[in-house]
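Following: one structure in structure tokens, then a few remarks.
The values are calculated or read from the model by the stated rules, or taken from the named source; none is laboratory data. All of these numbers come straight from a predicted model, not from anything done at the bench. Reconstructed Cβ throughout: ideal geometry from the backbone, glycine too, with neighbour counts over all protein chains shown.
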Amino acid sequence: MNQQTHPDKAAHRPSEAPEPQIAWTDGEGASRTAALFGDSFGGVPDGVWAAPGRVNLIGEHVDYNGGLCLPIALPHRTFVALARRDDGVVRVVSALAPSKVWSGTVADVVPGSVSSWVAYAAGPLWSLTQDGFGVGGFDAAVDSCVPLGAGLSSSAAIECAVAVALDEVYGLGQLVLGDAGRARLAAACVRAENEVAGAPTGGMDQAASMRALAGHALLLDNVDASIEQVPFDLESAGLELLVIDTRAEHALVDGQYAARRAACHAAAGRLGVATLREVDDLDAALAVLPDPVEAARVRHVVTEIARVREFTDLVRAGRVREVGPLLDASHESLRVDYEVSCAELDLAVATARAAGALGARMTGGGFGGSAIALIEAGAAASVAGAVAAAFASAGMGEPAFLAAVAGPGAGRVAQS
Ligand code: GLA
């Protein structure tokens, strides 16, 4: 959903430096969703809440292996204008299809009965109820500046925005508890995604959207969902993080993601460990895995977790300029051993590096979606221009760009 691309900008030639997609302000998101709410349901919402998309700095395809990952929340958020209803009715509407209000009851929101974006918007109602929270009906209007299908967690952003809204309108008291409550809400959102939407994802996206702090990367340990907030300030290092949305189609509810997850699970079983996080002697593990594909998957997971540790150590030590080779190695591992990259991602990464990036890698689930490039401050236009030109020469569709600055997690938006 690239609503923030101004029509004038759609006409630029690919070899010109494309404009980055700007995140909406609180006021912009609040007024858009409140207007959609009024048009769809009449009246005013109880409030407007927002939750961010994310980019993962490093630690890809390790969350469902009990690994470590290091995402940041994007300034790009999904906004939800929501009002509690005490008659058990649930109605949701999206700015993408404002004439199609989905309407049902609390009893209709169960796994298998709702699909597409409605599962993300209504799913937290089901999972919070399963977790013992007293929630009920609501009207909700959703709009977003998180690019859709770009591997930037647009679905987790919907879930998390609705979950924080329900927390407040139903007085669940989780947000006021701080991170412990946010962790509970994030877990409910993962369950909504896995069981209501049917996407077998890990927990990274919801953790980032719910638990991130502005100016920090979130070091998430997926063994127990514990976190460390790691100060992450590229500006003072004279750097920027450029997100390249390849616009190549990306879908997680397909067989590839589930197949990677199943291969890891099978390998863990063969190795006699609960998760691949427990593999501490990679060579010994590889020696006993008969299937070379399974062995390659394990090599990715184990080496990627080690890269997260190294990356985090460098960031903690104020040496973020030195993380580039780790980004590059992560991409190679995902491309060769995990086989989740694609031609567009590989071209984006190679071109960004050739245009001066300190390092670059695909981010998110892969098979399309986005890459990140660590670049010198002020180099965004030239790197983006080079990538756009390379895509045009290769006959690929036009990519989009955004600047990733670590933003805050989900919460209520001040009405302006
Ligand atoms: C998707 C999933 C996450 C994670 C990443 C890969 O974004 O939603 O849980 O597995 O892929 O790191």
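Among the residues making up the range 169-183, those that are in contact with a Gly (Cβ under 8 Å, 6 or more places away or on another chain) and in a loop (DSSP other than H, G, I, E, B) are Y170, L172, G173, Q174. Among the conditions (1) part of a loop (DSSP other than H, G, I, E, B); (2) more than 16 Å from the ligand (Cβ to nearest atom); (3) at pLDDT 95 or above; (4) over 25 Å from D26 (Cβ atoms), G202 misses just one, which is (2). Hey, can you tell me all the residues within the range 158-215 that are more than 15 Å from the chain's Cα centre (by Cα) and among the basic types (K, R)? Those that are more than 15 Å from the chain's Cα centre (by Cα) and among the basic types (K, R): R182, R184, R191. Within the range 366-408, the set of residues being surrounded by fewer than 24 Cβ atoms within 10 Å (Cβ to Cβ), small (G, A, S) and assigned to a loop (DSSP other than H, G, I, E, B) comprises G368, A377, G378, A379, A394, G395, G397.
Quick one: would you say S341 is touching a Lys or Arg at 6+ places or on another chain (Cβ under 6 Å) and either of a type outside the set (A, V, I, L, M, F, W, C) or surrounded by 22 or more Cβ atoms within 10 Å (Cβ to Cβ) (or both)? Against the criterion (touching a Lys or Arg at 6+ places or on another chain (Cβ under 6 Å) and either of a type outside the set (A, V, I, L, M, F, W, C) or surrounded by 22 or more Cβ atoms within 10 Å (Cβ to Cβ) (or both)), S341 qualifies. Restricting the range 205-215 to residues that are within 12 Å of the ligand (Cβ to nearest atom) and of a type outside the set (A, V, I, L, M, F, W, C) leaves a set whose member that is farthest from L175 (Cα to Cα) is D205. Summed over the range 216-266, residues that are in the same structural domain as A381 (by TED's automatic domain parsing), within 16 Å of the ligand (Cβ to nearest atom) and not polar (S, T, N, Q) total 19. Residues of the range 48-81 that are surrounded by fewer than 23 Cβ atoms within 10 Å (Cβ to Cβ) and on the phi > 0 side of the Ramachandran plot: G66 alone. Only one entry of W126, W117 meets the criterion of being away from the ligand (no atom under 16 Å from the Cβ) and assigned by TED's automatic domain parsing to the domain that holds L220, and that entry is W126. Restricting the range 360-401 to residues that are of a type in the set (G, A, S) and on the phi > 0 side of the Ramachandran plot leaves a set whose member that is farthest from the ligand (Cβ to nearest atom) is G378.
Only one of L289, L326 is within 16 Å of the ligand (Cβ to nearest atom) and over 30 Å from G178 (Cβ atoms). Can you tell me which?
L326
Residues that are outside any helix (DSSP H, G or I) and surrounded by 15 or more Cβ atoms within 10 Å (Cβ to Cβ) were ranked within the range 283-326; the one that is farthest from the chain's Cα centre (by Cα) is L289.
Taking the conditions (1) under 23 Å from L241 (Cβ atoms); (2) touching a Lys or Arg at 6+ places or on another chain (Cβ under 9 Å); (3) more than 16 Å from the ligand (Cβ to nearest atom) in turn, L68 satisfies each one other than (3).
Reported count of residues in the range 216-230, each being closer than 12 Å to D179 by Cα and among the β-branched types (V, I, T), is 1.
Taking the conditions exactly as written (over 30 Å from F232 (Cα atoms), in contact with a helix residue (DSSP H, G or I) (Cβ under 9 Å, 6 or more places away or on another chain) and assigned to a strand (DSSP E or B)), does V44 satisfy them or not? So V44 does not fit the description; no.
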